[in-house]
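Trainee: My questions all concern the structure below.
The values are calculated or read from the model by the stated rules, or taken from the named source; none is laboratory data. Bear in mind the structure is a predicted one, so any value in this text is a computation, not a measurement. Don't worry about glycine lacking a Cβ; one is built from the backbone with ideal geometry, like all the others, and counts go over all protein chains shown.
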Amino acid sequence: MWIELTDMSGEKITLNFTHVVAYSPYGTGAHIITINPEITYFVRETVEVIQQQMGISVTE
């Protein structure tokens, strides 16, 4: 699944989320780690926004 996010410089990026192995909060946004550990992204969207875009429902 492809989603559009915003990197920390304000540029839009389109990311194939099937290549993502982990994501976590980072500052006011999120840190995304791909299957290639040398390729990571820092984005402005929060973990909650990313989960919403992915259709992930988190209940506590």
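Trainee: Among the residues of the range 12-21, which ones are surrounded by 10 or more Cβ atoms within 10 Å (Cβ to Cβ) and either among the polar types (S, T, N, Q) or in contact with a Phe, Trp or Tyr (Cβ under 8 Å, 6 or more places away or on another chain) (or both)?
Mentor: Within the range 12-21, Ile13, Leu15, Asn16, Phe17 qualify.
Trainee: Right, here's the next one. Could you please find all residues in the range 47-60 being over 16 Å from Met1 (Cβ atoms) and either surrounded by 15 or more Cβ atoms within 10 Å (Cβ to Cβ) or at pLDDT below 90 (or both)?
Mentor: Val47, Val58, Thr59, Glu60
Trainee: While we're on this one: Let me confirm something: among Ser24, Ser9, which residue is exposed (fewer than 13 other Cβ atoms within 10 Å of the Cβ), within 9 Å of the chain's Cα centre (by Cα) and modelled with pLDDT of 95 or more?
Mentor: Of Ser24, Ser9, the one residue that is exposed (fewer than 13 other Cβ atoms within 10 Å of the Cβ), within 9 Å of the chain's Cα centre (by Cα) and modelled with pLDDT of 95 or more is Ser24.
Trainee: Among the residues of the range 7-18, is there at least one that is in contact with a His (Cβ under 6 Å, 6 or more places away or on another chain) and of a type in the set (Phe, Trp, Tyr)? Steps first, answer last, please.
Mentor: Of all residues in the range 7-18, those in contact with a His (Cβ under 6 Å, 6 or more places away or on another chain) come to none.
No, that holds for no residue.
Trainee: Identify all residues within the range 32-45 that are touching a residue at least 12 places away in the same chain (Cβ under 8 Å) and either surrounded by 15 or more Cβ atoms within 10 Å (Cβ to Cβ) or part of a strand (DSSP E or B) (or both); write none if there are none.
Mentor: Selection gives Ile32, Ile33, Thr34, Tyr41, Phe42, Val43, Arg44, Glu45.
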